[in-house]
Amino acid sequence: MRRSERKQTDPDLGVLASRLLFAVQEELFDTLAEQGHPGLRPQHGAVLAYLDAEGSRATDLARSSGQHKQVVGKLIDELEALGYVERRPDPSDRRAKLIVPTAHGLDQMSRSDAILAAIEHRHTHAIGADVYAEFERLLREITTRQRAWRENALAEGSEV
């Protein structure tokens, strides 16, 4: 059996995780486009998913999303041009900048929360609340363990 056939019939963790991510992103961003946010792309989620309504520092967004600072900086530039965020001085450190959502950004954040809640509700209803809660618990645990393994490997200087 060819590798591509095996990945279709017996997908590994990476394939399953990416299929879930891409399917959720597709529904989220298609629905957002229908609701007045057509310029957004899934890559913007690296900023928007972690952005606090009061604002966040770019370095915190990079750390939370697991993206490089340069990637996050480029995404912030794009989101600023689209009218979703603005840069403001950080009141706790005037040298630093906060990335703050605009009214358009806050609308997107609210709509995203509602869309994702609807997706979760649909799956909870389909497989049952207990099963979905256990799936979510296990997914969190596996994600936490994988991230911790990677951080430990990097700290030890191992090839990852």
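In region 112-125, the condition of being within 26 Å of Asp30 (Cα to Cα), among the β-branched types (Val, Ile, Thr), more than 19 Å from the chain's Cα centre (by Cα) and surrounded by 12 or more Cβ atoms within 10 Å (Cβ to Cβ) is met by at least one residue. Selection of region 43-60 for residues being more than 16 Å from Asp90 (Cβ to Cβ) and assigned to a helix (DSSP H, G or I) yields Gln43, His44, Gly45, Ala46, Val47, Leu48.
The set of residues from region 1-15 being at pLDDT 85 or above, surrounded by 11 or more Cβ atoms within 10 Å (Cβ to Cβ) and not in a loop (DSSP other than H, G, I, E, B) comprises just one member, Val15.
Residues in region 52-101 that are among the β-branched types (Val, Ile, Thr) and in contact with a strand residue (DSSP E or B) (Cβ under 6 Å, 6 or more places away or on another chain): Ile76, Val85, Ile99, Val100.
Summed over region 23-41, residues that are outside any helix (DSSP H, G or I) and over 20 Å from Lys74 (Cα atoms) total 2. Here Leu20 meets each of (1) surrounded by fewer than 14 Cβ atoms within 10 Å (Cβ to Cβ); (2) part of a loop (DSSP other than H, G, I, E, B) with one exception, condition (2). Of all residues in region 88-136, those satisfying the criterion of being touching a residue at least 12 places away in the same chain (Cβ under 8 Å) and polar (S, T, N, Q) are Thr102, Gln108, Ser112. Filtering region 27-54 to residues that are over 20 Å from Ala117 (Cβ atoms) and either of a type in the set (Asp, Glu) or buried (at least 18 other Cβ atoms within 10 Å of the Cβ) (or both) leaves Ala46, Val47, Glu54. Comparison of Leu28, Leu61, Leu75 shows that the only residue that is among the aliphatic types (A, V, I, L, M) and touching a residue at least 60 places away in the same chain (Cβ under 8 Å) is Leu28.
A quick yes/no check of all residues on (1) closer than 14 Å to Gly45 by Cα; (2) at pLDDT below 95:
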| residue | (1), (2) |
| --- | --- |
| Gln70 | no, no |
| Val85 | yes, no |
| Ala96 | no, yes |
| Pro101 | yes, no |
| Ser110 | yes, no |
| Glu120 | no, no |
| Arg147 | no, yes |
| Glu156 | no, yes |
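Here Ser92 meets the list (1) modelled with pLDDT under 95; (2) over 24 Å from Asp52 (Cα atoms) almost entirely, failing just condition (2). Taking region 61-160 as the region of interest, the helices (runs of 4 or more DSSP H) fully inside it that hold 1 or more residues being closer than 20 Å to Ala17 by Cα are 103-127, 129-155.
The values are calculated or read from the model by the stated rules, or taken from the named source; none is laboratory data. Predicted, not measured: the structure shown is a model, and the values here were computed from it. Because the Cβ atoms are built from the backbone with ideal geometry, glycine has one as well, and the counts that use them run over all protein chains shown.
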